1. If you wrap segment 16-124's Cα atoms in a convex hull and average its projection over all directions, what's the area in nm²?
2. Could you check the spin-label model distance between residue 166 and residue 183? Points 7 Å from the Cα along Cα→Cβ, value in nm.
3. What full-extension length gain, to one decimal in nm, is calculated for residue 93 and residue 227 as 0.36 nm per residue of separation minus the Cα-Cα distance?
4. Within 10 Å, count the other beta carbons around each residue, average over each peptide in 1-8, 197-204, 24-31, and list them highest first.
5. Roughly speaking, what is the stretch gain from residue 237 to residue 64, that is 0.36 nm per residue apart minus the C-alpha to C-alpha distance, in nm to one decimal?
6. Report, by chain and number, residues whose modeled amide H sits under 5 Å from the one on residue 195, excluding near sequence neighbours (fewer than 5 apart, same chain).
7. For residue 221, what is the net charge nearby, where nearby means another residue's Cβ is under 12 Å from its Cβ and Lys, Arg count +1, Asp, Glu -1?
8. Can you work out the FRET efficiency for the pair residue 157 and residue 265, with r the C-beta to C-beta distance and R0 = 25 Å, to the nearest 0.05?
Amino acid sequence: MRSPESLYTIHQEPTAVDQPVLVYAFSGFVDAGGGVRLAAAHIFQTCEHTLIASFDIDEILDYRARRPRMSYVVDHFASVDMPQVTLHEVTDANGDSFLLLVGPEPDYQWQRFIAAIEGLVRRFAVRLAVGLSAIPWPIPHTRPLTVTVHGNEPALLSPYTSVLGEIEVPGHVGAMLELHLGEQGIPSMGITAQVPHYLVQFEFPRAAQILLNGVAALTGLVLPTSDLQPAAVRAEREVAEQLDGNDEFATVVAALEQQYDLLNAVQQGATGGISDLTPEGGVPTGDEIAAQVEEFLQSLAEGDEPKDSDN
């Protein structure tokens, strides 16, 4: 392996970071509803930030899979929007600093890239790394979204529960980074938004809200999401308009609402159990949910990956 340090350029040292949190948000693969991309964009729009390091994009990205967007004006090409993978120092609403790693998920040299991130984590004495992702879930858009929290620190995970058992899914850089940092003794966690499976190809700002709220809950950072509310309401209104008059779509959503409400009742301690409700109520078990997630991720790995043009 070539030197991981040669994969990036340091532009300046962080100025106000003491044992910071690192948040990493890779768009492209596990980014249902654009939740990860929208969350990162919102941070940049609402928080002061400074470029700390940038990666050699030619080394890690397949341009033919995710072609840069170009502007053509009348009779000439005027500009090109080149993708970037960058590390920033960000100041939250409370004046506290953290590190944010953003960009499209690398296509090449994953192990070298992960080794490079580990080097930066150690260089800046990162105390906790938190990855963002979003996956499809059998949940209706008319109910509150939920998240799956995972990681290598049992004490940090204790407030959260998971309906998933053991499953096998295609690897992605965010998950591999979480695994690798944990193996190196660096506290590492992930927050995964659960997006209605029928909306994964559309922008769904509610997913960005729940991801940022999750980061705030895990780390104590102050990341207001009120500015996302108008876009979230607008997106949900557009979905409702599509639902109006579409009996097939309405039936699907109604069934998901029933499943959600029944499962929520079970988790809140109502009488009965999931096994009692599944045959007629159709409430998905953990294994059934896992199978749907695994099937979706496998379809992406086989060539149906959503394309993005994000920087």
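1. Working: hull surface 34.0 nm².
For segment 16-124, averaging the hull's shadow over all directions gives 8.5 nm².
2. Between residue 166 and residue 183, the simple spin-label model gives 1.8 nm.
3. On the way: separation 134, 0.36 × 134 = 48.24 nm, distance 1.32 nm.
Difference between extended and current length: 46.9 nm.
4. Values: 1-8: 13.8, 197-204: 18.2, 24-31: 26.0.
Put in order of decreasing packing, that is 24-31, 197-204, 1-8.
5. That pair, residue 237 and residue 64, stretches by 58.7 nm at full extension.
6. Amide H neighbours of residue 195: 135, 137.
7. Overall, the nearby charge balance is -2.
8. The formula returns an efficiency of 0.55 here.
Only the coordinates and a few stated rules stand behind these numbers; no lab work does. Just so it is clear, the structure is predicted and the values come from calculations on it, not from any experiment. Here the Cβ is made from the backbone with ideal geometry for all residues, glycine too, and neighbour counts use every protein chain on show.
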